[in-house]
Amino acid sequence: MNDNSRADDLGETFKRLIRENGPISLAQYMGESNARYYTSRNPLGDDGDFITAPEVSQVFGELIGLWLADIWVRAGTPEPVHYVELGPGRGTLASDALRAAERYGLKPQVHFVEGSEALKQIQRGTVRGVTHHADVTTLPDDGPLLIVANEFFDALPVRQLLRAAEGWCERMVGLESDKLAFVFGDKPMDAAVPQSWRQASQGTIIETSPASAAIMSELADRLAAQGGAALVIDYGPREGRSGSTLQAIKGHQKVDVFSHPGNMDLTAHVDFETLAKVAQRQGAQVLGLQMQGDWLTALGIDMRMEALKRRAPGQAETFKRQHDRLVAEDQMGLLFKVLGLSGKDWPEEAPGF
C-alpha cells in the first residue's frame, strides 16, 4: 500500500468516525494524522517534505554541542550525564553536537525520544550506542540530562478555541458536503481559556497545546530533580498571540490541512511563553528566549563559517547560503526562537541568552 492510499484510508476513517459520533477535536485530528505520518517514513531532505536546520549546515549542531559542553563544564562536569534529543530526525544534529562536545571532555550516554521505526534505523547508523524511548517518561534518572528539542514541539497537537457571541467554543473537525472541514463545537469552553484571553473580542481564535505543556512539565521536573539543561528550538512568537497558525507541508509546499491526513506534516507555532511558565512552575530555571539568528551569532557562527570558507574557498557561496538560511531575518533567524533552561544547582546564565 503506498503513502497516498494509507492517507486516503485515514481520511475515510476520520469521516466514518465523524458520521457515527459527531465532530472530533483538532487535537485528535492533528495527533492521529502526525502519528501516521511520522511512523511511516523519513520526511526529511530534498526527497521528503521539509528540511530542518541540522540538515542545512553542520555548524548548527556543532554550536549546540559547544553550548552543552560549556554549561556542563561550568556545572562541574557531573557524571554520569545523558544527552537527550526529542524527535532527532536522521540523527544529524546529535552527531554534530556530540562530536563538538567531545573536544571538551563531554561524552554523554545518548537517548533519543523517537516513534518512527524508519527513522530509528537511520539514527542507529548515524549515532552509535543510542537508546531509544517511546516518550520522555522512561528517560534515565541517575544523572543530569542535556536535552535538545529542535522542531519537536511544533508537531504536537493543538486545540483551537473561538470567541463566539455567546462565549468561547472549540473549533473542531467535522464534515461539509462529505468533506473534512472546520466546524464549531456546541460545548462552552470558557473554562479552558487562559484568564488573559477571557474578554477577547468576538471572532478571536487562540491555540493551546496540552500535550506540549505535559511534556515540558515532565522535562522540567527532571531538570529540577536531576540537574542538566535544555534547548528548545522551534518557530513561534515570543509572546502568545491570537489567530490560527495551523499549516500543512507536503513536498516542501504548503497544502490544505485536510488534503492528505497522514501523508503530510501538520504543525502549529510553539507557545514559548507558556512553555517557559510551565518550566518555571515545575522548578526549572529559564535562561532566556532568543531569536535563532541572534543566538547563533552570539555563539560564533560568523567566525565558524569564515573558517570553513578558508578551508574550502571553492564552497564559499554555499557556506554563505547556509549562514543566511540559519540567521537571516527573512529566513530562519527571526521566526525561529531558542528557549534555554537549566536545572537545580546548574548555572543560571549561559552564552547566547
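The values are calculated or read from the model by the stated rules, or taken from the named source; none is laboratory data. Nothing here was measured: the structure is a model prediction, and the numbers come from that model. Neighbour counts are summed over all protein chains in view; Cβ atoms, including those assigned to glycine, are modelled from backbone coordinates with ideal geometry.
So the values come out like this:
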quantity: Among residues of the range 162-179, those that are in contact with a strand residue (DSSP E or B) (Cβ under 6 Å, 6 or more places away or on another chain) and within 22 Å of Asp265 (Cα to Cα), counted; calculated: 4
quantity: Meets criteria (touching a residue at least 60 places away in the same chain (Cβ under 8 Å), over 14 Å from the mean Cα position of the chain (by Cα) and part of a loop (DSSP other than H, G, I, E, B)) for Ser244; calculated: yes
quantity: Strands (runs of 3 or more DSSP E) contained in the range 249-353 and holding at least 2 residues surrounded by fewer than 21 Cβ atoms within 10 Å (Cβ to Cβ); calculated: 253-255, 285-291
quantity: Pair list, Cβ under 8 Å, 6 or more apart: the range 210-235 residue among the acidic types (Asp, Glu), other residue buried (at least 18 other Cβ atoms within 10 Å of the Cβ) and in a strand (DSSP E or B); calculated: Asp234/Ala149; Asp234/Asn150; Asp234/Phe336; Asp234/Lys337
quantity: Only listed residue being closer than 23 Å to Met30 by Cβ and either crowded, with 19+ Cβ neighbours inside 10 Å or at pLDDT below 95 (or both), chosen from Leu223, Leu219; calculated: Leu219
quantity: Among (1) under 18 Å from Ser242 (Cα atoms); (2) modelled with pLDDT of 95 or more; (3) surrounded by fewer than 18 Cβ atoms within 10 Å (Cβ to Cβ), the one test that Ser212 misses; calculated: (3)
quantity: Members of the range 163-181 that are of a type in the set (A, V, I, L, M, F, W, C) and within 25 Å of the chain's Cα centre (by Cα); calculated: Met172, Val173
quantity: Condition check for Gln322: in contact with a strand residue (DSSP E or B) (Cβ under 9 Å, 6 or more places away or on another chain) and of a type in the set (S, T, N, Q); calculated: no
quantity: Filter result for Gln253 (out of contact with any Cys (no Cβ under 8 Å at 6 or more places or on another chain), at pLDDT 95 or above and of a type outside the set (A, V, I, L, M, F, W, C)); calculated: no
quantity: Matching residues in the range 226-235 - criterion: being within 18 Å of Gln331 (Cβ to Cβ) and either crowded, with 22+ Cβ neighbours inside 10 Å or more than 18 Å from the chain's Cα centre (by Cα) (or both); calculated: Ile233, Asp234
quantity: Every pair of residues 6+ apart whose Cβ atoms lie under 6 Å, when the first sits in the range 27-41 and is closer than 18 Å to His269 by Cα while the second is aliphatic (A, V, I, L, M) and modelled with pLDDT of 90 or more; calculated: Tyr29/Val173; Met30/Leu266; Ser33/Leu266; Asn34/Ala155; Asn34/Leu266
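Yes/no matrix, rows are residues, columns are (1) at pLDDT 60 or above; (2) over 30 Å from Gln322 (Cβ atoms); (3) among the basic types (Lys, Arg):
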residue: Asp9; (1), (2), (3): yes, yes, no
residue: Gly22; (1), (2), (3): yes, yes, no
residue: Met30; (1), (2), (3): yes, yes, no
residue: Tyr37; (1), (2), (3): yes, no, no
residue: Gly45; (1), (2), (3): no, no, no
residue: Pro54; (1), (2), (3): yes, no, no
